[in-house]
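Have a look at the structure below, then the notes.
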There are 2 protein chains.
Amino acid sequence: MAEAEAAERRVLVAVDESEESMHALSWCLKNIVSDKFRDTLLLLYVKPPRAMSTALDGTGTRCYTEAYLFSSEVMLAIERYGNEVADCVMQKAKKLCSELADVKVETRMENGDARDVICQMADKLGADLLVMGSHGYGLIKRTFLGSVSNHCAQNAKCPVMIVKKPKSTSNSQ
Amino acid sequence: MAEAEAAERRVLVAVDESEESMHALSWCLKNIVSDKFRDTLLLLYVKPPRAMSTALDGTGTRCYTEAYLFSSEVMLAIERYGNEVADCVMQKAKKLCSELADVKVETRMENGDARDVICQMADKLGADLLVMGSHGYGLIKRTFLGSVSNHCAQNAKCPVMIVKKPKSTSNSQ
């Protein structure tokens with residue numbers, strides 16, 4: 001972590017389409033980002049692995065996987081939808097940043113298993129702090145509540161802030 | 001969490017005799033405590049459950065537990081040692097606070113299972129944020145690395161900051 005006197009921090013916030021994620025970002029902007037430091041906020045969105053996409057033969061013909069049958073058009077539509085969701089999340093996150101704090105913002109989109117990618121990116125980007133919501137990461141992972149944040153809390157090399165969205169409060173807090 | 005405009009926070013830091021714990025406190029003082037908020041730092045030390053102590057018959061005679069045989073004098077000596085360790089940790093923590101930040105400090109000592117007590121106290125004391133080291137809690141619990149912080153990250157109602165002590169840096173950071 002940067003020493004206080006160095007006054008420069010890189011705060012990585014893992015964002016996704018969940019309310020918990022936006023709440024965590026909002027909390028971070030209100031409680032962590034400070035004039036005391038020249039903070040850079042790194043917004044990271046991790047798209048699910050391209051396992052299905054890579055099964056395509058790239059010719060537009062049908063592609064047979066172990067359990068499913070998809071045309072490449074369907075696969076492309078799924079990927080396009082995924083990209084739109086990612087863009088939408090990033091726009092929402094950047095808007096929140098501009099509304100709540102005067103902070104430099106950088107964005108990153110990656111593919112892969114969120115648990116591993118977040119830890120790797122925290123290291124690669126030289127994050128001084130990782131901030132994330134407590135309830136899973138991404139729609140698919142939502143079923144494993146908390147597993148991603150637990151994994152990151154254990155494996156990320158930097159301090160990890162896990163922000164739970166209070167059930168009784170509004171999203172704005 | 002208190003809104004930014006309310007500018008008042010109660011930051012609970014779980015301290016123990018580990019280096020990780022003091023590093024977490026130090027990190028919190030340098031990175032969380034801010035002039036922007038009228039922070040109160042709540043230092044919490046949790047002593048192990050009194051399971052053995054309560055097995056004493058209170059008469060000073062020998063007391064038989066399932067697996068061990070202790071005289072009440074030995075039990076009292078153990079408890080006295082535990083109290084001394086607790087006092088020592090608190091003194092060290094308060095010294096660190098006075099050295100690193102101009103912040104109001106309150107202290108609490110509790111008995112019980114650290115995992116449960118920390119979550120309960122975070123709720124009871126109205127903590128806006130819980131800060132703790134990543135490596136267990138207390139000498140006995142050290143064998144279950146990270147289990148206490150994981151438990152608190154999942155069960156505490158407030159945001160939880162888990163600070164890992166970097167292997168390559170000094171304690172002072």
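A few points about this structure:
- Label-point spacing for residue A:126 across the identical copies (point 7 Å from Cα in the Cβ direction), in nm and ascending order: 4.2.
- Simple spin-label estimate for residue A:17 and residue A:116 gives 2.4 nm between the two label positions (7 Å along the Cα-to-Cβ direction from each Cα).
- Between copies, the label points of residue B:81, set 7 Å from Cα on the Cα→Cβ line, lie 6.3 nm apart, reported in increasing order to one decimal in nanometres.
- When residue A:108 is represented by a point 7 angstrom out along its Cα-to-C-beta vector, the spacings to that point in the other copies are 3.7 nm, nearest first.
- At q = 0.26 Å⁻¹ the log10 of I(q)/I(0) for the stretch B:82-133 amounts to -1.24, computed by Debye summation with a single uniform scatterer per C-alpha, solvent ignored.
Read-outs: derived from the displayed coordinates by stated rules, not from any lab. Keep in mind that what you see is a predicted model, and the values were worked out from it rather than measured. Don't worry about glycine lacking a Cβ; one is built from the backbone with ideal geometry, like all the others, and counts go over all protein chains shown.
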